[in-house]
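Visitor: Here it is: the structure, laid out below.
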Amino acid sequence: MRRPLALPTPVSHLETTRPSGSTRSLSAPLEQRLTPDPRKAWSWLQKSRLGRYGVALLFFLCALLLQMELASLMSTSPFLFFYGAVMVAGWWGGWGPALLVTALSLGAVDHEFLPPRLTLQMRSADVLSLGIFALLAIFITKLNVSLSRAMEERAGLLESERQARAASEAARTRLHTIFMQAPAQIFFLRGATHDFDFSNARNSSLLKSRDTLGMPFQEGVVKVAEQDARDVLDRVFATGEPFVGNAVPLRFLQTDGMEKETFHNLVYQPTRDTQGQVDGIAGFGFDVTDLVHARQRAEALAIELRQAEFRTRVLAEVSTVLASSLDYEATMRNLAKLVVPALADWCFVDLAQPDGNFRRLEVAHARPEDAATAAEVLNFQLMPEGNPRHPPTAALLRGEAILLEEMTPAHIKRSAHNENHARVMLATGLRSFIAVPLVVRGHTLGVFSFFTSFSNRRYTQADLAFGLELAYRAALSMENARLYREAQEAIRLRDEFLSIASHELKTPLTPLSLKLQALARELERHPDAIPYSVVKGYVDTGARQVKKLAELVGDLLDVSRIAAGRLALELEDVDLGALIREVVVRYEPHATRAGSTLEVEGGESGLIGRWDRLRLEQVVTNLIDNAVKYGSGKPIQLSLEQGPTRARLRVRDQGIGIAPEHLPRLFGRFERAVSERHYGGLGLGLYITRTLVEAMGGRVRVESEQGRGSTFTVDLPRERTLPVDVSVAQPQ
Ligand code: ADP
């Protein structure tokens, strides 16, 4: 098995490794360094000339002494110990000391041991033995010197190797330290299973365990997306192509169980064996999470800025559209078309109707191919009683803007009103939805909805704020259009009223003035005394016209009192039956002139209640007056019903009747249901009637069929203790 790339324990840079393996501090005491070192002495003996010759001479002397001591025993071999001395001198000191010892040995042997002794004379036989000694000594020296050189070289080589090994270990240690302390993740993987060979501190902090050596990558890594990383490693190992990834997102499970996403610049570099085969992977990673986050923030900010600028531009266009017309329906249609495609792929406008229902006014869509779906969408009405999860319905019910950032198909199905609705909603492909109610002064005028589909855009809070602003402006514009319409209508009504009022006020004046002129002529004709009957006729007519004038002026005064909230009731016990009969008696001549009869039914036994007598009389008069006026000369029935707490008066005629479309507004101010050419009247009688009846706690209503007469019914409570101030009550 291959040894893992576990680098040796790092040593401090202040220590140096010794060949023996021991370490010595550079700061050792001085006396320690002065202690004699035998190695140095040995080296001196070997290297210096004195040492080399000295050792040679020493051995020569030893050989001489030994030879002299043992001469008696070994007289036949006087050279033996000198061979040894030559050998040692050659071994220790090289050629010089060896030749010196050889020469000295020749002299010593000749002088001391060969006859004639103690003289340097040589016998011919001795010359031969001395010559052989000299030759052998040279030969031995030659061998020794060669051997000595070879050994020196070997020692040198060994030393070089040792030094190289030490240098390599030091370099390895330094590399280990650098790798371990590197401000990056470094790891080495081995084999196809990617077993950890090395992992530095930064890398290990991202692993399951600090001790991952020998552990397969898959077991050591705590990544959620570890499969992806392994795929990349497999590919690098299989192809030998390095992998370089910038800002690669990696997700890690932290010890607290939470996932953490970090971003890294990664390089996975294949490593190769001596045959060039990929045998592992060297991985380098730089955590660039802060950079990526900073870049993401900057990008988000830039996008937000661009969008804010864009929204401001759209809002400016919205303002132009809203100000362009007082036809608010056309305006809302244009608004929907402006929002699509600028901010949405689809846009709906639902408007509240007077009957409380909603009408889908517009469906704008960005893609022409969605036209058929849009036609279906237009058919769906906003249903307040529908599914409250439906975004526009929710906005309507809650009265607040709704933002659904991401709607899934399941979510869409849940928020649909029914299956068909779900089908159409799904067909739009909706994704992100905003619905904003159009509210002004507490009234919901409709709902403005827009959403994205194919553009895949997701709305944010900023878009919601934009939607609110847009809806606010739209609602204000609708309200302004409505107020403008109402103001126009009020002006039209006022002008109409002024023309009718002047006509009405003039009507009694004409006969009055004619009668006065006739009376003046009678005075001229009868300067002394005008006959009683003549004067009475003129006075009666004049009085009727003045009464009519007074009633008209009285009605006008009542209206202004009601408008100012100054109409006060004086409650007292009133017999309604008696009151009605009085009015009927007063009105009979008028009814007769119109060809009608007045019949009263009920109330004979006295129907007493707490009412304002004069105002009640005014109510009854108004209803009888109208019945006579619009009764087509047919009989008029008044019926009185008595309950324990309430009284009911019905005035029924068989006259022209009222068209159904006029019925809802009939009790309003200045409201008339007939043309002024055929009938006079200020359109105030029923308004005053309703106001007075309601002030007394009652209700008035009408049932009518055109051409078949009308029935007005007044219901009144019989008890009403305090006088009541009447304030203005406009008909809805
Ligand atoms: P006016 O003085 O114009 O009659 P009112 O307020 O009394 O004003 O009546 C309002 C309108 O109601 C009238 O213009 C008329 O069209 C309709 N109206 C009132 N009473 C009757 C009735 N009995 N039959 C038919 N129409 C009526």
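Visitor: What is the extension gain from ALA465 to GLU400, computed as 0.36 nm multiplied by their sequence separation minus the C-alpha to C-alpha distance, in nm to one decimal?
Guide: 22.2 nm
Visitor: Hey, what do the phi angles of region 151-160 turn into as Karplus ³J(HN,Hα) couplings, whole Hz, using 6.51/-1.76/1.60 and θ = phi - 60°, x for Gly and Pro?
Guide: Here the 3J(HN,Hα) series is 5, 4, 4, 4, 4, x, 5, 4, 5, 4 Hz.
Visitor: Same structure, new question: Would you mind checking the pairs LYS547/LYS629; LYS547/LYS634; LYS515/LYS548; LYS515/LYS547; LYS506/LYS536; LYS548/LYS629 and listing those with alpha carbons more than 19 angstrom apart?
Guide: LYS547/LYS634; LYS506/LYS536
Visitor: Is the shape of region 567-728 best called rounded, prolate or oblate, per the rule: a/c under 1.5 gives rounded, else a/b larger than b/c gives prolate, else oblate, with a ≥ b ≥ c the square roots of the Cα gyration tensor eigenvalues?
Guide: Oblate, since a/c reaches 1.5 and b/c is not below a/b.
Visitor: Say R0 is 45 Å: what FRET efficiency, to the nearest 0.05, do MET68 and LEU157 get from their beta-carbon distance?
Guide: Details: r = 43 Å, r/R0 = 0.95.
Result of the calculation: an efficiency of 0.55.
Visitor: Now for a separate question. What FRET efficiency comes out for the pair ARG485/GLN307, r = Cβ-Cβ distance, R0 = 35 Å, nearest 0.05?
Guide: That pair, ARG485 with GLN307, gives E of 0.45.
Visitor: What does the charge count near TRP44 come to, summing +1 for each Lys or Arg and -1 for each Asp or Glu among other residues with Cβ under 13 Å from its Cβ? Walk me through the intermediate numbers first.
Guide: Values: positive: ARG39, LYS40, LYS47, ARG49, ARG52; negative: ASP37.
Every neighbour counted, the sum reads +4.
Visitor: Taking the Cα atoms only, what angle lies between the long axis of helix 685-695 and the longest principal axis of the chain, rounded to 10 degrees?
Guide: Taking Cα atoms only, the helix is inclined about 70 degrees.
Visitor: Could you tally the net charge around ALA471, taking each other residue with its Cβ under 15 Å from the Cβ of ALA471, Lys/Arg +1 and Asp/Glu -1?
Guide: Charge balance in the 15 Å sphere: -2.
Visitor: Order these peptides, 563-570, 233-240, by their mean beta-carbon neighbour count within 10 angstrom, highest first.
Guide: Result, highest mean Cβ count within 10 Å first: 233-240, 563-570.
Visitor: Moving on. How big is the dipole moment of region 554-648 about its Cα centre under a simple scheme where the beta carbon of each Lys and Arg is +1, that of each Asp and Glu is -1, and everything else is neutral? Debye, nearest 20, please.
Guide: So the magnitude is around 320 debye.
Visitor: Describe numerically, in nm with one decimal, the distance between label points set 7 Å from Cα along Cα→Cβ at ARG423 and at ASP573.
Guide: 7.3
Visitor: At a Förster radius of 45 Å, what calculated FRET efficiency corresponds to the Cβ-Cβ distance of ALA659 and ALA294, to the nearest 0.05?
Guide: E(calc), rounded to 0.05, equals 0.05.
Visitor: Using amide H atoms built 1.01 Å from N in the peptide plane, name the residues 5+ places from VAL440, or on other chains, whose amide H lies under 5 Å from its own.
Guide: Amide H neighbours of VAL440: LEU445.
Visitor: To the nearest 20 debye, what charge dipole does region 40-176 have about its Cα centre, counting +1 at the Cβ of each Lys and Arg and -1 at the Cβ of each Asp and Glu? Intermediate values should be presented prior to the final figure.
Guide: On the way: 13 positive and 9 negative charges, 126 e Å.
Its charge dipole is roughly 600 debye.
Visitor: Another question, if that's okay. Could you derive backbone 3J(HN,Hα) for region 709-714 from the dihedral phi with the Karplus parameters 6.51, -1.76 and 1.60 (θ = phi - 60°), listing whole Hz in sequence and x where the residue is Gly or Pro?
Guide: After applying 6.51 cos²θ - 1.76 cosθ + 1.60, I find x, 9, 10, 9, 10, 10 Hz.
Visitor: Quickly rank 489-498, 76-85, 318-327 as a protection proxy: mean count of other C-beta atoms within 10 Å, highest first.
Guide: 76-85, 318-327, 489-498
Visitor: Sticking with this structure for a sec: I'd like to compare 263-271, 171-179: which one has the highest average count of other Cβ atoms within 10 Å, and what's the full order after that?
Guide: Values: 263-271: 19.0, 171-179: 14.7.
The densest-packed peptide leads the list: 263-271, 171-179.
Visitor: List, in order, the whole-Hz ³J(HN,Hα) value for each residue of region 86-92 obtained from phi through the Karplus relation with A = 6.51, B = -1.76, C = 1.60 and θ = phi - 60°; use x for Gly and Pro.
Guide: With the stated coefficients, region 86-92 comes to 4, 4, 5, 4, x, 4, 7 Hz.
Visitor: Residues of region 263-296 with amide nitrogen under 11 Å from the 7 Å Cα-to-Cβ point of ASP231?
Guide: No residue passes the distance filter.
Any read-out appearing in this document is the output of simple, stated calculations on the displayed coordinates, not a laboratory observation. Quick caveat, the model's predicted, so the values are computed rather than measured. Note that each Cβ is placed from the backbone with ideal geometry, even for glycine, and that neighbours are counted across all protein chains shown.
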